[in-house]
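The values are calculated or read from the model by the stated rules, or taken from the named source; none is laboratory data. As the structure is a prediction and not an experimental result, all values here were calculated from the model. Backbone-built Cβ (ideal geometry, glycine too); neighbour counts: all protein chains shown. Calculation scope for accessible area: heavy atoms of the full protein, side chains included, ligands and nucleic acids excluded. Shrake-Rupley method; radii C 1.70, N 1.55, O 1.52, S 1.80 Å.
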Amino acid sequence: MARPTLVTGGTGALGRAVVHRLQARGHAVRLFSRSDPPAEERTSKPATEWVVGDLATSPSIHLAVQGVDTIVHCATSPGGGDVAITRRLADAASRAENPPHLIYISIVGIETVPLSYYRTKLACEGVVAGSGLPWTIQRATQFHDLVARMTDVQHRWPLVVAPAGIDCQPIDVRDVARRLVEWVEKGPAGRTPEIGGPEVRSLVELARSTLDSEGRDTRVVGMPMPGAIASALRRGEHLTPDHAEGEIGFDQFLAERAVHHEHSYSTG
Ligand SMILES: NC(=O)c1ccc[n+]([C@@H]2O[C@H](COP(=O)([O-])OP(=O)(O)OC[C@H]3O[C@@H](n4cnc5c(N)ncnc54)[C@H](OP(=O)(O)O)[C@@H]3O)[C@@H](O)[C@H]2O)c1
């Protein structure tokens, strides 16, 4: 019987797609979350083995890493603490009877875009690469849902503001999950080629598409942004046009999301 793959952050946007892809490929999955499993998983034969705990503090981390071949580390808390949880996870995994392959998802451009979250990602990469475990680091561009959220959070405003002169190459979490599961199957690869979404488009255009998919004719205003972060983004440091290997475009994501919303409303 093949040993399971542990997915941290398996309840998150990417983690859910990774769990789904692993199961579709016939892998056993163990998921780590701070929350109890939903009702449909609380059966005598759940599809996913569920370990409840906080990566920052819970002793259950040691239980979670026992007997797994691979860990796909997708957990993140943008508010802080990612370096500590990554180090704690790597330490626990190093002490497991058979130290597993640790796969880390990171972001394109983290050396040159001076966001504090990106500095944290760089430090986490260092923890993974220096862990002594077999490891893989996969960098990806921004996920579709993050880009759509930048417009959605402004839903009460009479207009939508988007940074002017900045492009984005959003990728679908299913494409990233597909790549991560390839590393689960192929084994440790160290630093791997980046993966980006299929198209590079301006943030103003992506905001317009998001509004159109919601049937809203709100005006989009491109706002010039000052500062070092905006300069790096204007230079396209977060893009990887030579690795546009994602297959699902932003418009397809929006169309599927619109159908899903319609279905949720009609079924209550
Ligand atoms: N979003 C993007 O555009 C993007 C682009 C490239 C790479 N990435 C990377 O992809 C990864 C996943 O991002 P995402 O957007 O899918 O994240 P997300 O939806 O915000 O999910 C975060 C997950 O982390 C878990 N988590 C947070 N703190 C935890 C803790 N202390 N202990 C245990 N679990 C904890 C949460 O699980 P529970 O709440 O269930 O505990 C949740 O499942 C991150 O490493 C991110 O940097 C993101």
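Details
- Listed residues 91, 217, 54, most fluctuating in the chain (Gaussian network, C-alpha, under 10 Å): 217
- Positive-end extreme of charge dipole, segment 5-266 - chosen from 50, 153, 240 (charges on Cβ): 50
- Segment 156-219 and segment 102-135 have Cα centres spaced 20 Å apart.
- Under the combined filter of DSSP loop state and at most 13 neighbouring Cβ atoms within 10 Å, segment 181-262 retains none of its chymotrypsin sites (Phe, Trp or Tyr not before Pro).
- The Rg/Rh ratio for segment 1-92, using Cα coordinates for both the radius of gyration and the Kirkwood hydrodynamic radius, is 0.94.
- Only Cα pairs under 8 Å and 6+ residues apart enter the sum, and on that basis the relative contact order of the chain stands at 18 percent.
- Amide H to amide H, with H built 1.01 Å from N, residue 139 comes under 5 Å of 106, 192, 195, counting only residues 5 or more places away or on other chains.
- A Gaussian network model of the chain, with springs between Cα atoms under 10 Å, assigns the largest mean-square fluctuation among 43, 76, 151 to 43.
- Shape of segment 92-216, Cα gyration tensor, a/c cut at 1.5: prolate
- A full extension of the chain between residue 212 and residue 117 corresponds to an added length of 31.2 nm, given 0.36 nm per residue minus the alpha carbon distance.
- Qualifying chymotrypsin sites (Phe, Trp or Tyr not before Pro) for segment 110-177 [loop in DSSP, other Cβ within 10 Å: at most 16]: none
- Global geometry of segment 1-160, whether rounded, prolate or oblate, following the gyration tensor of its Cα atoms and the 1.5 cut on a/c: oblate
- Distance between modelled label sites at residue 182 and residue 47, nm, 7 Å Cα→Cβ extension: 2.4 nm
- Label-point separation, residue 221 to residue 2 (7 Å along Cα→Cβ), nm: 5.3 nm
- Rounded FRET efficiency, nearest 0.05, which uses the C-beta distance separating residue 205 from residue 62 and R0 of 45 Å: 0.40
- Three principal axis lengths of segment 46-111 [C-alpha, angstrom, descending]: 35, 26, 21
- Rolling a 1.4 angstrom probe over the chain with all protein chains present gives an accessible area of which 54% lies on carbon and sulfur atoms.
- DSSP-assigned coil residues among trypsin sites (Lys or Arg not before Pro) in segment 1-94, each with at most 11 further Cβ atoms within 10 Å: 42
- Amide H contacts for residue 161 (H built 1.01 Å from N in the peptide plane; partners 5 or more residues away or on another chain; cut-off under 5 Å): 221.
- Extending 7 Å from the Cα toward the beta-carbon at both residue 36 and residue 84 defines two label points whose distance is 2.7 nm.
- Computed from Cα positions, the angle between helix 13-24 and the longest principal axis of the chain comes to roughly 50 degrees.
- Gyration tensor over the Cα atoms of segment 162-268: the corresponding equivalent ellipsoid has semi-axes (square roots of 5 times the eigenvalues, largest first) of 27, 24, 9 Å.
- Accessible area of segment 5-266 divided out per residue, in Å², using a probe of 1.4 angstrom: 48 Å²
- In order through segment 157-166: 3J(HN,Hα) via Karplus (6.51 cos²θ - 1.76 cosθ + 1.60), integer Hz, x for Gly, Pro: 7, x, 9, 10, 9, 10, x, 7, x, 10
- In degrees, nearest ten, helix 250-266 long axis to first principal axis of the chain (Cα): 80 degrees
- Rg then Dmax, both in Å and based on the Cα atoms of the chain: 19.3, 58.
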